[in-house]
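Note sheet for the following structure.
The values are calculated or read from the model by the stated rules, or taken from the named source; none is laboratory data. Please read these numbers as outputs of a predicted model, since none were measured by experiment. As a convention, Cβ positions derive from the backbone with ideal geometry for all residues, glycine included, and neighbour counts pool all protein chains shown.
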Amino acid sequence: MEPIVVNGLEKVFAGGVRALSNVSFTVGKGEIFGLLGPNGAGKTTLVNILSTLLLPEKGEARVMGLDPAKDSLELRKIIGLSGGYARFLPKLTGREHMKFYADCYGVKPDFKLAKEFQMENKLDTLIEDYSSGMLQRLGLIIALQHRPEVVLLDEPTIGLDPQIAVVVRKYIKKLKSKCSAVLITTHNMYEAEEICDRVAFIDKGRIIAIDTPKKLLRKTKSKTLEKAFIKLAREGLE
Amino acid sequence: MSALTVFKALMLRNFVYLKRTGVEVFSIIFWPVIIMSSLAFFATFIQSKEGLVILVTGSIAWSYMFTSHVDTSYTFVRDIWHRSLKKLRMLPIPEWQLIIGNWLFGLFRSAAMIAITSTIAFFVFGFNLFSINLLYLFAVFFGLSLFGMGIGIIISSAILRYGVNAEVLIWSVADALILLSGVFFPVSVLPPVLQFVSYGLPPTYGLEGLRGAFIHGAYDWVMIAKFYIADLIYIGIFWIVLKAQMRHSLRTGFFQKYE
């Protein structure tokens, strides 16, 4: 069974804004799959559908065999979602949040994970005193501490300082051996090249190419994924 | 994970938040003191003991129900304020556990409210809230807190539909109930049309039952049974509305707006 299967997904928001058009792909076991595209391409919409936060108009999705629309509660137990703009209640500390989320998942807070993300000394600070980078790292810790089978990361390194971004990328690579699949969205093409086994280019709600970063570079005769994306997006327009 | 663990986690989260938000701690003491002090001055114009009992029992019961309903209504509001709603929705816990966890926390706050208001009532008016059958008293107050939960559920639905714009309902619904449920007066003084509306609302039965016990020493268990049946009907209907609203919010992308 493929950990993530997406087939013909469509999403239209109020006012007729088409966020996704006939999107299909699969993510294999042990794979780190990247969704790449500019802002507003539909990456976050797709992640939100897979993580049970949004219902599609058409098409179907399965995560570990579960339908996000119908098996929402069961699915939320086995996935971890972290976004680039994590927010928490300002009057609680990082440690209190870790404990709260761990209790709700029926696990113990994983303070080793806090150490991995260099947050062990910040856990007793109130959230209102956190920087955006610290919030983001806490978001990652909370998304991972219940050891999810599938990890969905929406722009996980956006706004992080370069040193911490390196730590986060290293950890994402390690996730390959810790869970069934990782889906990561980013508009940082260098990051995708470094950590993803396969990537899908998404533009205006449509998948315009799916392959390994190397093959995409070869096919488009480009030196970087950024250039490959621009070429393919232009071809799509023509 | 067990529901009890989730309830405990939600209550602890609310408690820590409340403890560190000075204004909210202040409000627990502030409102009961203001209400009971106002009554103390107002009482100098009231000639009958019956009138005073109606006012005092109404004030205590209303403060109690209000706290239950506010805490349930806050299920999603705090996380909308702080843009952490997406995280809350991602938790692998069903909506009923979220609602009950917040309502249970409201029960503790309500207990604090009762302690303060009944102590003031005892020393200022010589009114002993615990002088009637305690089981009856408990039945009335528990029924009020159940209705408070019902109101919290329907307000939560409105908040999931209209966002923070619907916050105003938290306060205005409580104010409407003062009039329609006869919190500070017997329902018989209302015009016939409003009496009809009033008897369609569960707290009316609880408040009438409570006044009957204090004024006439009558324990009307049939009235209490009607109170609970009406409570359950309202909670059932409001729950169906919340579930439908949840589905609507998942279609419109409401949750993704809040991170």
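Figures for the structure shown
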{"read-out": "Output for segment B:18-39, where each listed residue is part of a helix (DSSP H, G or I), of a type outside the set (A, V, I, L, M, F, W, C) and more than 20 Å from the chain's Cα centre (by Cα)", "value": "B:19, B:20, B:22, B:37, B:38"}
{"read-out": "Checking residue B:220 against (1) closer than 18 Å to residue B:61 by Cα; (2) modelled with pLDDT under 95, the condition it does not meet", "value": "(2)"}
{"read-out": "Matching entry among A:117, A:111, A:88, A:100 (being touching a His at 6+ places or on another chain (Cβ under 8 Å) and either more than 11 Å from chain B (Cβ to nearest Cβ) or more than 28 Å from residue A:17 (Cα to Cα) (or both))", "value": "A:88"}
{"read-out": "Odd one out for residue A:75, checked against (1) touching a helix residue (DSSP H, G or I) at 6+ places or on another chain (Cβ under 7 Å); (2) surrounded by 18 or more Cβ atoms within 10 Å (Cβ to Cβ); (3) not basic (Lys, Arg)", "value": "(1)"}
{"read-out": "Residues of segment B:186-211 classified as of a type outside the set (Gly, Ala, Ser) and part of a loop (DSSP other than H, G, I, E, B), total", "value": "5"}
{"read-out": "Answer from A:78, A:127 - the residue that is at pLDDT 95 or above, within 13 Å of chain B (Cβ to nearest Cβ) and touching an Asp or Glu at 6+ places or on another chain (Cβ under 6 Å)", "value": "A:78"}
{"read-out": "Of residues in segment B:1-39 being surrounded by 15 or more Cβ atoms within 10 Å (Cβ to Cβ), aliphatic (A, V, I, L, M) and under 17 Å from residue B:127 (Cα atoms), the one nearest to the other protein chains (Cβ to nearest Cβ)", "value": "B:35"}
{"read-out": "Residue within segment A:160-171 that is surrounded by fewer than 16 Cβ atoms within 10 Å (Cβ to Cβ) and at positive phi present", "value": "no"}
{"read-out": "Among residues of segment A:193-226, those that are among the polar types (S, T, N, Q) and part of a helix (DSSP H, G or I), counted", "value": "1"}
{"read-out": "Failed item in (1) closer than 23 Å to residue B:207 by Cβ; (2) assigned to a helix (DSSP H, G or I), with residue B:75 passing the rest", "value": "(1)"}
{"read-out": "Tally of residues being of a type in the set (Asp, Glu) and not in a helix (DSSP H, G or I) across segment B:212-259", "value": "2"}
{"read-out": "Filter result for residue B:81 (under 22 Å from the mean Cα position of the chain (by Cα), in contact (Cβ under 8 Å) with a residue 24 or more places away in the chain and within 14 Å of chain A (Cβ to nearest Cβ))", "value": "yes"}
{"read-out": "Residue check for residue A:176: charged (D, E, K, R), in contact with a strand residue (DSSP E or B) (Cβ under 7 Å, 6 or more places away or on another chain) and not in a strand (DSSP E or B)", "value": "yes"}
